[in-house]
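Just so it is clear, none of the values below were taken in a lab; they were calculated from the coordinates. Here the structure is a predicted model, which is why all the values come from computation and not from measurement. No Cβ is skipped: glycine too gets one built from the backbone with ideal geometry, and neighbour counts run over all protein chains shown.
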Amino acid sequence: MSNKPAKPIMLFDCKTAQSIIGQDKFLNAFQTILNHGAYCQGPETRELDEKLAAYAGTKYCSTCGSGTDALTLALMAWNVQPGDAVFVSSFTFVSSAEAPVLLGATPIFVDSDPETYNMDPKDLQRAIDEVKKAGNLKLKAVIPVDIFGNPCEYDEIIRIAHANGMKVLSDSCQSFGSVYKGKTSCSIADMSATSFYPTKPLGCYGDGGAVFSNTNEENELVKSCRVHGMSPEDHYDNVRLGMTGRLNTFQAAVLLQKLTILNQELKDRFRVASRYDNELNPYFRKQRVLDNCKSAYALYTINCDDRDELMTYLKDNGIPCGVYYPRPVNTQTAYAKWNTRKLPVCEKLSKTVLSLPMTPYLDNEDLDYIINTMNEFAAKKSQKAA
Ligand SMILES: Cc1ncc(COP(=O)(O)O)c(C=O)c1O
């Protein structure tokens with residue numbers, strides 16, 4: 001058994017990056033903004049839009065107030081409205097389904113693959129067939145989610161969606177920096193939405209998000225909806241419905257700094273994940289990453305039948321961990337009226353998943369202790385079973 005590290009182990013670490021980059025860089029950037037006075041959508045947001053589009057490899061990026069805004073703005077650009085069916089993963093954070101519901105569309109929940117935890121293309125096809133048979137909704141869009149940073153089966157999901165006349169909006173809120181068959185996250189689907197919430201792979205120090213697209217038309221619609229549906233020619237003529245969805249300039253300045261260390265942080269997330277992958281007892285089932293893909297490891301999530309017991313054991317030993325997500329969205333109170341399909345995999349995952357500490361700043365001492373403690377639990381369980 002290795003010794004418990006003297007410093008506390010963290011599930012997320014939103015602070016250490018400040019000392020890596022240097023707090024003075026943030027303070028200087030904030031001073032510049034205080035001086036120029038453009039606190040919303042200032043020059044830093046435009047610089048960030050360009051740098052993010054270049055990083056993702058898309059023609060356009062428009063930053064906005066949050067990941068939820070990003071999802072909603074993309075759907076607004078496609079004119080999603082009442083009477084539309086939007087197919088969405090259920091094993092996700094609530095926003096993936098909240099966005100279509102806010103626009104009056106009907107969410108159709110899709111089950112997950114038991115190994116990747118992502119939208120199961122076979123169940124997507126079944127759900128589409130059911131909606132077609134019922135005949136009362138227009139097939140509009142599919143929202144797959146790269147859960148915990150792990151890229152979805154995009155080729156198959158996009159093929160099925162396009163064959164049925166639908167667009168695909170990738171919920172990449174947890175996966176900025178992941179790679180799907182050589183393509184960077186946010187560049188794979190018709191449009192993509194990401195979040196810069198502090199715990200995300202690229203996090204700011206408040207709320208933030210971005211929409212990625214490849215057509216000028218979609219990007220202009222997102223930019224208009226981001227400021228209440230404003231006309232680009234006449235700022236006092238709102239030509240469509242929109243929202244207050246701007247990114248504040250201070251968050252853009254934070255992200256410009258954080259972007260400079262993103263690749264190093266991603267490398268360190270892979271380092272942590274490889275140790276878990278290689279050294280954790282096979283008693284813990286690991287989330288499968290598809291061939292030729294790289295997760296951004298927003299979270300490292302295993303699943304195991306004794307999840308609740310394991311969680312208590314880890315916490316008693318000073319190892320923070322968390323259940324993401326204890327309730328698939330279809331089972332949550334506000335979504336009861338759309339809980340129309342059986343989603344057995346989502347249900348099972350919600351009872352068995354456990355997310356372990358995942359930050360770029362976990363060192364070998366932390367990892368030795370976490371892995372040994374986990375493996376000790378597995379050994380006890382195997383002894384009992386023998
Ligand atoms: C999968 C997923 N979608 C959407 C969101 C919403 O992002 P935000 O909190 O920035 O609105 C999150 C954030 O937690 C998320 O994890």
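Side notes on the structure shown:
- Using the Karplus relation 6.51 cos²θ - 1.76 cosθ + 1.60 with θ = phi - 60°, the per-residue 3J(HN,Hα) values for segment 105-118 come to 7, 9, x, 10, 7, 10, 6, 9, 7, x, 9, 8, 6, 9 Hz, with x marking Gly and Pro.
- The peptide list 169-181, 147-159, put in order of mean Cβ contacts within 10 Å with the highest first, becomes 169-181, 147-159.
- Using the rule -39500 (n - 2.57) for each DSSP H run of four or more residues, divided by the residues of the chain, the 222 nm mean residue ellipticity is -12500 deg cm²/dmol.
- Above 14 Å, the calculated P(r) of segment 319-386 contains 71 percent of its Cα-Cα pairs.
- Distant-in-sequence amide contacts of S170, defined by a placed amide H-H separation under 5 Å and a gap of 5 or more residues or a different chain, comprise A189, D190, M191, S192, A193.
- Working ranking of peptides 223-232, 185-194, 205-214 by packing, defined as the average number of other Cβ atoms within 10 Å per residue, highest first, is 185-194, 205-214, 223-232.
- Each label was represented as a point 7 Å from its Cα along the Cα-to-Cβ direction; for K286 and A336 these points are 4.1 nm apart.
- Extension gain from Q31 to E220, taking 0.36 nm per residue of separation minus the Cα-Cα distance: 65.0 nm
- Residue list for segment 98-136, given a label point 7 angstrom along the Cα-to-Cβ vector of A163 and an amide N cut-off under 11 Å: 122, 125-126
- Over the chain, relative contact order from alpha-carbon pairs under 8 Å, at least 6 apart, %: 23 percent
- Ranked by how many other Cβ atoms sit within 10 Å of their own Cβ, fewest first, the residues E47, E233 fall in the order E233, E47.
- Whether segment 86-211 is rounded, prolate or oblate, judged on the alpha carbon gyration tensor where a/c under 1.5 counts as rounded: prolate
- Per-residue packing, averaged as other Cβ atoms within 10 Å, sorts the ranges 259-272, 71-84 into the order 71-84, 259-272, beginning with the highest.
- Alpha-carbon centroids, segment 6-84 and segment 257-273: separation in whole Å: 17 Å
- In the chain, the DSSP beta bridges split such that about 60 percent are antiparallel, to the nearest 5.
- Calculated on C-alpha atoms, the gyration radius of the chain divided by its Kirkwood radius gives an Rg/Rh of 0.98.
- Prolate/oblate/rounded label for segment 202-286 (Cα gyration tensor, a/c 1.5): prolate
- Global dimensions of segment 262-385 from alpha-carbon coordinates: Rg and Dmax equal 16.0, 48 Å.
- Dipole magnitude for the chain: about 540 debye, using +1 per Lys or Arg Cβ and -1 per Asp or Glu Cβ, origin at the Cα centre.
- Karplus-derived HN-Hα couplings along segment 334-340 (A = 6.51, B = -1.76, C = 1.60, θ = phi - 60°), whole Hz, x at Gly and Pro: 5, 10, 4, 6, 9, 7, 9
- For segment 1-115: rounded, prolate or oblate by the Cα gyration tensor [a/c cutoff 1.5]: oblate
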